[in-house]
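Engineer: Just dropping this structure here.
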Amino acid sequence: MDKKHGTKSKILARFRSFIQAAATLLTNIHLPNFFKGEIYRGNAKTICVPGLNCYSCPAASGACPIGALQAVVGSSKFKFSYYITGFLILVGVLLGRFVCGFLCPFGWFQELLHKIPCKKFSTKRLKPLRFIKYGILLVMVILLPVFVTNNLGMGNPFFCKYLCPQGVLEGAIPLSIASTSIRAALGKLFTWKLGILIVVIVFSVLFYRPFCKWICPLGAFYALLNRVSLLQIRVDKSKCISCGKCVGVCKMDVDVTKQPNHAECIRCGACMKACPTEAICYKYGFGETKNNENEGEQS
């Protein structure tokens, strides 16, 4: 494995927090709107951002791909959205769940919460819960908006409306703070969503990225493409000394030496920083190809 790949990979992983902060800022660049109590409605709002970010956030610069997908499939004049579906597939093929690890504002929010000092709990015994997010993607994001409609043939954005805590965090709370009319209109749905947000916050302090692991339909979509994305994680078997440090630091419960491009891997690079022999790095390629053992000899 090329030594330059290993060095660049470690640098990228080391500056991940700064990249997450920059991605969050770019995704929510219209900060003055927080004080105005209104959302940005410019042309850029028709363009999807890669991570989970509420359209109703006053500062949001683009549309959430999950919200946009629900808006299309729930329309009374439903047509297959080549743009939104194509966007999701393109980002998934290019990056996979790298989006979750580096570019998603709500993922970063959970990580910041997890840094709060207190006793932490492992999710290794809760692995079956990770399949919930695929059910949410299929049922709440696609099927319910298509088949459960009102008299006008419109379907509700079920995930955004009833489950997604990002909408309350980025949209309802800041808008209600800035607008008395919005505060007066808050009702039972807001209370329900606020309760979900509080649960996610508490769980994020105790567990690492619980929403990403168990609930997020966007993460589920990218996970389906993780093994075939252009951006891959490669393990040079000739350099690996089986010390287990990479497995020990992985908070997504992945054994990178066995499945370097597992669906749950968010490509955060923690394994790369922990590896004493620089056997793990980012590399472009399709699928989980076998590593050439001669790479270690050539580097």
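The values are calculated or read from the model by the stated rules, or taken from the named source; none is laboratory data. What you see is a predicted model, and the numbers here were worked out from it, not measured in a lab. Note: ideal-geometry Cβ built from the backbone for every residue, glycine included; neighbour counts use all protein chains shown. Note: accessible area is taken over every heavy atom of the protein model, side chains too, but ligands, DNA and RNA are not part of it. Shrake-Rupley method; radii C 1.70, N 1.55, O 1.52, S 1.80 Å.
Engineer: Normalised by the number of residues in the chain, what is the relative contact order in percent for Cα pairs under 8 Å and 6+ residues apart?
Structural biologist: Dividing the mean separation by the residue count of the chain yields 26 percent.
Engineer: Here's another thing I want to ask about it. Length gain on complete extension for the stretch TRP192 to LEU94, per 0.36 nm per residue less the alpha carbon to alpha carbon distance?
Structural biologist: Contour length minus the Cα-Cα distance gives 31.7 nm.
Engineer: In vacuo Debye scattering of the stretch 194-251, one point per C-alpha: log10 I(q)/I(0) at q = 0.21, 0.27 Å⁻¹?
Structural biologist: Rounded to two decimals, the profile gives -0.96, -1.08.
Engineer: Be a star and scan the stretch 127-161 for residues whose amide nitrogen sits under 18 Å from the point 7 Å along the Cα-to-Cβ vector of ALA185.
Structural biologist: From the stretch 127-161, the list is 156-157, 160-161.
Engineer: Taking amide hydrogens as modeled 1.01 Å from N in the peptide plane, which residues meet the under 5 Å criterion relative to GLN232, leaving out close sequence neighbours?
Structural biologist: LYS283, TYR284, GLY285
Engineer: Relative contact order of the stretch 21-172: what whole-number percent is it, with Cα pairs under 8 angstrom and at least 6 residues apart?
Structural biologist: Normalised by residue count, the contact order of the stretch 21-172 is 28 percent.
Engineer: Can you tell me how much longer the chain between VAL249 and PHE35 gets when fully stretched, taken as 0.36 nm per residue apart minus their C-alpha distance, in nm with one decimal?
Structural biologist: 73.0 nm
Engineer: Given R₀ = 51 Å, what would the calculated FRET efficiency be for ALA44 paired with THR277, taking r from the Cβ atoms and rounding to 0.05?
Structural biologist: In this case the efficiency is close to 0.70.
Engineer: Next up: Could you check the simple spin-label distance between ARG14 and LEU152, using points 7 Å along Cα→Cβ, in nm with one decimal?
Structural biologist: 5.5 nm
Engineer: OK, next. Taking Rg/Rh (Cα atoms, Kirkwood Rh) straight from the coordinates, which label in (1) 1.04; (2) 1.06; (3) 1.00 is the correct one?
Structural biologist: From the options (1) 1.04; (2) 1.06; (3) 1.00, the structure gives (3).
Engineer: Same structure, new question: With a 1.4 Å probe and every protein chain left in place, work out the accessible area per residue of the chain in Å², rounded to a whole number.
Structural biologist: Averaged over the residues of the chain, the accessible area is 50 Å².
Engineer: How much of the accessible area of the chain, probe 1.4 Å, is carbon plus sulfur, in whole percent?
Structural biologist: The nonpolar share, carbon plus sulfur, comes to 67 percent.
Engineer: Could you give the nm distance between label points at LYS119 and VAL228, where each point is 7 Å from its Cα heading toward the beta carbon?
Structural biologist: 4.5 nm
Engineer: Something else now. Quickly rank 265-275, 186-196 as a protection proxy: mean count of other C-beta atoms within 10 Å, highest first.
Structural biologist: Per-residue Cβ counts within 10 Å, averaged per peptide and sorted highest first, yield 265-275, 186-196.
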